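Q: Take this structure first; my questions come after.
Taken together, the values in this text are just the output of simple stated rules run on the coordinates, not laboratory data. Keep in mind that what you see is a predicted model, and the values were worked out from it rather than measured. When we count neighbours, we look across all protein chains shown, and the Cβ atoms used for this are built from the backbone with ideal geometry, even at glycine.
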């Protein structure tokens, strides 16, 4: 009864993965039956130890790898029959190593490369590139060669070059590797802003502090399977599962866990919250 | 001074043997190893579909030209020749390696020698690539004639010319970009 | 997808245990022998012998057929094109305008195709049974300067790394909507440049740190150096050497001194 277009609009799942299995040509099974739905505008962290299948999963969403079995739907359409270039209209992927993307002689040209490939009209190209550079705070280096920038700047250039293609979904693969605390906080703030502007964000990481601070939903992977899918507080309260999947919750969570015998609740995510909870437990507010 | 320092090898008899080896410098070893590996890797993995014959170009020549134009004739000849010949050996046609060694080695040598003239002016580079490419095409023609006869050798000439043109264009473009980037690597010798 | 293949296959056969120097020498001798022989029958016998050696080395069929694909293409080309350019002799089989196909021409084409097959497969004996590091070690022991050998072995060590880097960079650029084999030749060159430049830069970063690593490990500190693993010739290596030399010398004597066609 309902027209197809309407049913798609009603269905707010931007990514829908069903029983995805992936075996590398060498015979290594990287994914063994992953099912996952991601809704429009979500901020999802995919966490797990090395070799748990996070990046393989992301590459399957991007179409860089094709499922051995199972399906991946992006915006309601199966990835299997599509060219990567057409998936790139919807999904943007910032690779872990920014140096694997950069090759142009100026930052401006670098950011323009993606939209040009996708055939976006030339008349609003400059505005598009400028918007992407501004959102990553890069206007001051737009005429410099990307290679001469710092790692933090290079990573922002690689992210800006993805943003310029204006995809609905942004995948960030370990975006804070090698950055110092201030740089990574600035970067995470930019990512949070993109999310508040309506972009769906998928963050691949094993930095639990980032997860505690930014993600609204956490998917824990281990040995090619999703073993936990919940909000950060829910995930961190399951210490055994986290340790089993080679992950260590942030210190504040572990401290709260220790203090739980003394009446402090376990679902604490930030130092401020912990202070508040301890004060409450001590009865400071009575 | 004549007493042996502890930990010296027992068979360390003469002073001559204890002297430092007159090896080429570590930065040259590192650079040549990396350029050679790059040439081999690109030759083996980056193939461009080539519609007319449904065959493949490989982009190995672009790395030979790049090595020559960025680091001079020595790098061009050694890394280009050895890197390309190694690809032949590893892919299982070692009998062809001597011909590749000579053809691509000459290609790199000539491109580097001419391309670095007058400090590597654009005309010198283009001339170097053209002359180097011509040497490669000729070398392969002679080699293939010896092995396969005139017919197959003639059939390969257009493919090799196409490969030289494509590789030359890309090698030229890359050499300009990388020479700018090289300033970021203080330990890589830019002039050999 | 053209990925990186290492032909060497683990194993514990006679050929795997043989001194790599002997194997290199044997391949060179057999190559000379192949180039010397001009009789199709003798070449076929030699090919059978080489096939026996490849089988002895337990080379996996999948890798052999992969390596043979290129050789087959060349062989077909030779068989078709050789007679067209070599019209000497009689009887004439066919005439097409100025082109004359003769029976000796066809025979010479086939002979040369088989010779190429021999030349290619004789290398498999070496490549399928010898790890790359042993090849380099043998070269150094045969008199190649140590620093050259080291350069070569570092290059081989980084080969799979760089091949993987190329693949990863290809993916990164595809995710930005780049399609390799679309558009004008100029656009295509730019597409390949977008892969090659990041590859080269990451390789140069490697070279930069590598030169430090070499210095910090006392590269070139002493002229005399010792080796952890020395190569040793065994009795079986001597036998193999004798067989190969005999296999070359006997036909050579027959051809050049006794004037017997081989």
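Q: Quick check: from the Cα gyration tensor, does chain C come out rounded (a/c under 1.5), prolate or oblate? Mind showing how you got there, number by number?
A: Values: a/c = 2.53, a/b = 1.23, b/c = 2.06.
The shape class here is oblate.
Q: Apply 1/(1 + (r/R0)^6) to the Cβ-Cβ distance of residue C:6 and residue C:56, taking R0 = 22 Å, and write down the FRET efficiency to the nearest 0.05.
A: Values: r = 20 Å, r/R0 = 0.91.
Computed FRET efficiency for residue C:6 and residue C:56 comes out at 0.65.
Q: What three numbers, in Å, describe the spread of the alpha carbons of the protein assembly as shown along their principal axes, ordered from the longest?
A: Principal extents (Cα only, largest first): 116, 83, 55 Å.
Q: Something else: Given a Förster distance of 30 Å, report the FRET efficiency between residue C:247 and residue C:17 from their Cβ-Cβ distance, rounded to the nearest 0.05. Walk me through the numbers on the way to the answer.
A: On the way: r = 20 Å, r/R0 = 0.68.
The value I calculate is 0.90.
Q: If you fit an axis through the alpha-carbon atoms of helix A:181-196 and take the longest principal axis of the Cα set of chain A, what angle between them do you get, 0 to 90°, nearest 10?
A: 70
Q: Where the centroid of each part is defined by its Cα atoms, how far is segment C:227-262 from segment B:84-157 in Å?
A: Going from one Cα centre to the other spans 33 Å.
Q: Report, as an integer, the average count of C-beta atoms from other chains found within 10 Å of each Cβ along B:90-102. Walk me through the numbers before you get to the answer.
A: Details: counts 10, 7, 16, 11, 9, 13, 6, 1, 1, 0, 0, 0, 0.
So the per-residue partner count for this stretch is 6.
Q: Given a Förster distance of 25 angstrom, what is the FRET efficiency for residue A:19 paired with residue A:240, based on the Cβ-Cβ distance and rounded to 0.05? Mind showing how you got there, number by number?
A: On the way: r = 26 Å, r/R0 = 1.05.
With R0 = 25 Å, the Cβ-Cβ based efficiency is 0.40.
Q: Going by C-beta contacts inside 10 Å, put C:171, A:180 in order with the fewest on the left.
A: Values: C:171 19, A:180 10.
Ranking C:171, A:180 by Cβ neighbours within 10 Å, fewest first, gives A:180, C:171.
Q: Now a separate question. Using DSSP, restrict attention to beta bridges with both residues in the protein assembly as shown and report what percent are antiparallel, rounded to the nearest 5. Intermediate values should be presented prior to the final figure.
A: Details: 28 of 46 bridges.
Counting only bridges with both partners in the protein assembly as shown, antiparallel ones make up about 60 percent.
Q: Restricting to DSSP H runs of at least four residues, report the calculated mean residue ellipticity at 222 nm for chain C, -39500 (n - 2.57) per run over all residues, nearest 500 deg cm²/dmol.
A: Details: 9 runs with 183 residues, N = 262.
Helices in chain C give a 222 nm mean residue ellipticity of -24000 deg cm²/dmol.
Q: What ranking of C:146, C:248, A:285 emerges when the number of other C-beta atoms within 10 Å of each C-beta is taken as an exposure proxy, fewest first?
A: Working: C:146 15, C:248 18, A:285 7.
Ordered from fewest to most neighbouring Cβ atoms within 10 Å, C:146, C:248, A:285 come out as A:285, C:146, C:248.
Q: Sorting A:47, B:64, B:126 on the 10 Å Cβ count, fewest up front, what's the list? Working shown, then result.
A: On the way: A:47 26, B:64 37, B:126 15.
Starting with the residue having the fewest Cβ neighbours, the order is B:126, A:47, B:64.
Q: What is the distance, in nm, between label points placed 7 Å from the Cα along the Cα-to-Cβ direction at residue B:121 and at residue B:25?
A: Between residue B:121 and residue B:25, the label points sit 2.9 nm apart.
Q: Decide, for segment A:51-127, between rounded, prolate and oblate: order the square roots of the alpha carbon gyration tensor eigenvalues as a ≥ b ≥ c, take rounded if a/c falls under 1.5, and otherwise choose prolate if a/b is larger than b/c, else oblate.
A: It is oblate, given that a/c is not under 1.5 and a/b is not larger than b/c.
Q: Moving to a separate point now. Summing -39500 (n - 2.57) over the DSSP H runs of n ≥ 4 in chain A and dividing by its residue number, what mean residue ellipticity at 222 nm do you reach, to the nearest 500 deg cm²/dmol? If you can, show how the numbers build up before the last one.
A: Numbers: 12 runs with 110 residues, N = 286.
So the helix-based figure for chain A works out to -11000 deg cm²/dmol.
Q: Normalised radius of gyration for segment B:25-179, please: alpha carbon Rg relative to 2.2 N^0.38 Å, two decimal places. Working shown, then result.
A: Working: Rg = 14.5 Å, N = 155, 2.2 N^0.38 = 15.0 Å.
Normalised by 2.2 N^0.38 Å, the Cα Rg of segment B:25-179 equals 0.97.
Q: At 7 Å along Cα-to-Cβ for each site, give me the label-to-label distance between residue A:29 and residue B:165 in nm.
A: In this crude spin-label approximation the distance works out to 5.1 nm.
Q: A further question on this structure: For segment B:99-192, with equal point scatterers placed on the C-alpha atoms only and solvent neglected, what are the log10 I(q)/I(0) values from the Debye formula at q = 0.19 1/Å, to two decimals?
A: -0.88
Q: While we're looking at this one, here's another question. Specify the angular offset, from 0 to 90 degrees and rounded to the nearest 10, of the alpha carbon long axis of helix A:107-117 from the longest principal axis of the alpha carbons in chain A.
A: Rounded to the nearest ten degrees, it is 70.
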